[in-house]
Amino acid sequence: MILLNLGGARPDSIDMSALGNPGKFSYCIAENEEENPWEPLHVELGFAPEQSAVSLFAAEPPHGVSEHQARTARGVLKAIGYALATCWTYRFCNSFEALVVLCPEHVKTIRKDGFSKRDVREFLFENTGVPVRCYGNNDPGEGTQQQGAYQRITIDGEPCYRKFRTPDSIKIVVAGGTAGKFSAVLGSWSTGPRGSQMVTYPI
């Protein structure tokens, strides 16, 4: 009713989605800058630290990442990388962005190993992929037709296709409370001219 009466998002005209989710009208989070050892997203994107800004992102529902056992940055980030590999659909690569929401407890583990925000992004970029073996058996599933455009890499000794086009396809924020090692991954709609890209505005 909110979408229909306030935004005019009528099915089959403006709102063309096959499946809806509550994020269409209630999906808003704030960075936890007090627990963030790195620069916040708006500063990373060129705004002054004292400015307030809002970023708009056509996101899937959050995919929670529970990792309470890992004691190293690599362990935490590997768990997040597995979730990132499922963005959009598992065997589709190159065509979207993702937002990684790191909880403060995971950030403490990551920082303990000396990782900068750039290190986190580079690690996720280099270690997120889909095993080549998932494309076999003449299965014409979504994402398999574009194999020729994917970059082949090796992750932990296994041939994979790289999930994201560039490191900048992965955005990182620190958010959430300080009790519980739960982070999240939010995949995007297809990015570029055929889809959508995150935009940030000062407010």
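Here, each number is a calculation from the coordinates, and none is a lab measurement. None of the values given here were measured: they were computed from a predicted structure. No Cβ is skipped: glycine too gets one built from the backbone with ideal geometry, and neighbour counts run over all protein chains shown.
Explain nothing, just the number: dipole magnitude of region 110-203 about its Cα centre with +1 on each Lys and Arg Cβ and -1 on each Asp and Glu Cβ, in debye rounded to the nearest 20. Spell out each step's value before the answer.
Numbers: 13 positive and 9 negative charges, 60 e Å.
It works out to roughly 280 debye.
Using amide H atoms built 1.01 Å from N in the peptide plane, name the residues 5+ places from Q151, or on other chains, whose amide H lies under 5 Å from its own.
Residues meeting the criterion, in which the H sits 1.01 Å from N, are R162.
Over region 49-203, what is the percentage of antiparallel beta bridges among all DSSP beta bridges, to the nearest 5? Walk me through the numbers before you get to the answer.
Details: 21 of 26 bridges.
Taking every DSSP beta bridge within region 49-203, about 80 percent pair in antiparallel fashion.
At a Cα cut-off below 23 Å, give the lysines reachable from K117, other chains included and same-chain residues fewer than 8 away excluded.
Once the sequence-local lysines are set aside, what remains near K117 is K78, K108, K163, K171, K181.
Determine the relative contact order of the chain: mean sequence separation of Cα pairs under 8 Å and six or more apart, normalised by residue count, in whole percent. Spell out each step's value before the answer.
Values: 327 pairs, mean separation 73.7, N = 203.
Relative CO of the chain lands at 36 percent.
Along Cα→Cβ, 7 Å out, is where each label goes; now give me the distance between the ones at E158 and Y201 in nm to one decimal.
For E158 paired with Y201, the spin-label model returns 4.3 nm.
Between region 130-203 and region 27-98, what is the separation of their alpha carbon centroids in Å?
Taking the Cα centre of region 27-98 as reference, the centre of region 130-203 is 12 Å away.
What number, rounded to the nearest 500 deg cm²/dmol, is the helix-based mean residue ellipticity at 222 nm of the chain, given -39500 (n - 2.57) per DSSP H run of at least four residues and division by all its residues? Provide the component values of the computation, followed by the final result.
On the way: 6 runs with 45 residues, N = 203.
Only helices count here, giving -6000 deg cm²/dmol.
Counting Lys and Arg as +1 and Asp and Glu as -1, what is the net charge of the other residues whose Cβ lies under 11 Å from the Cβ of V174? Mind showing how you got there, number by number?
Numbers: positive: K108, R111, K117; negative: E31, E33, E34, E35, E39, E105.
It works out to a net charge of -3.
With θ set to phi - 60° and the Karplus curve 6.51 cos²θ - 1.76 cosθ + 1.60, what are the ³J(HN,Hα) couplings of region 141-158 in order, to the nearest whole Hz, using x for Gly and Pro?
Karplus values, whole Hz, x for Gly and Pro: x, 4, x, 6, 5, 9, 3, x, 9, 8, 8, 8, 9, 10, 10, 6, x, 10.
Once amide H atoms are built 1.01 Å from N in the peptide plane, which residues 5 or more positions from A53, or in another chain, come under 5 Å H to H?
Those qualifying (amide H under 5 Å, at least 5 residues apart or on another chain) are I203.
If you place +1 on the Cβ of every Lys and Arg and -1 on the Cβ of every Asp and Glu, how big does the dipole about the Cα centre of region 75-123 come out, in debye to the nearest 20?
Working: 8 positive and 5 negative charges, 18 e Å.
It works out to roughly 80 debye.
Sort 102-108, 61-67 by packing, meaning the average of other beta carbons within 10 Å per residue, with the highest value first.
Highest mean packing first, the order is 102-108, 61-67.
About the Cα centre, and with charges only on the beta carbon of Lys, Arg (+1) and Asp, Glu (-1), how big is the dipole of the chain? Nearest 20 debye, please.
Details: 20 positive and 22 negative charges, 97 e Å.
The dipole magnitude comes to about 460 debye.
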